[in-house]
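What follows is a set of notes on a single structure, which appears directly below.
The numbers here are math on the coordinates, done by the rules we state, and not lab data. In this text the structure is predicted, and so the values were computed from the model without any measurement. Here the Cβ positions follow ideal geometry from the backbone for every residue, glycine too, while neighbour counts run over all protein chains shown.
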Amino acid sequence: MLRISQPAAPTDRPLLILEGRLVGPWVAELSGAAATAGDPTTLDLDLAGVTFADDAGVTALRHLRSAGARLVRASAFLAALLG
């Protein structure tokens with residue numbers, strides 16, 4: 001299960017906080033939430049609460065990063081997967 005929340009950000013950059021496992025159907029949920037949040041070049045993804053990501057999850061995060069999103073507070077495990 002993956003929880004995605006979007007607090008009211010004090011800056012002009014939208015923030016999505018991810019908590020849980022980024023696997024299977026939750027990858028599509030992330031893609032939808034990121035699209036709803038707006039321009040990926042101004043999007044921050046807080047990954048501190050992500051406990052696991054499968055290949056599809058890692059690919060989705062890499063895609064968002066290459067589109068300009070900032071991936072912040074990733075664990076060492078997740079950072080190594082993202083390369």
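Compared with the dominant principal axis of the Cα atoms in the chain, helix 55-66 is inclined by about 30°.
First select every other residue whose beta carbon is under 12 angstrom from the beta carbon of Gly68; then total the charges, Lys and Arg +1, Asp and Glu -1. Computed value for this residue: +1.
Using the beta-carbon distance between Asp12 and Thr51 and R0 = 25 Å, what value does 1/(1 + (r/R0)^6) give for FRET efficiency, to the nearest 0.05?
Details: r = 30 Å, r/R0 = 1.19.
So, using R0 = 25 Å, E works out to roughly 0.25.
Once C-alpha pairs closer than 8 Å and six or more residues apart are averaged by separation and normalised to the residue number of the chain, the relative contact order reads 30 percent. Helical runs (DSSP H, four residues minimum) scored at -39500 (n - 2.57) apiece and divided by the length of the chain put the mean residue ellipticity at 222 nm at -11500 deg cm²/dmol. What does DSSP give for the chain in terms of the percent of beta bridges that are antiparallel, rounded to the nearest 5? Around 30 percent of the beta bridges assigned by DSSP in the chain are antiparallel ones. Relative to the longest principal axis of the Cα atoms of the chain, the long axis of helix 25-37 makes an angle of roughly 20 degrees.
Amide H contacts under 5 Å for Thr51: Gly20, Arg21, Leu22, restricted to partners 5 or more places along the chain or on a different chain, H placed in the peptide plane at 1.01 Å from N.
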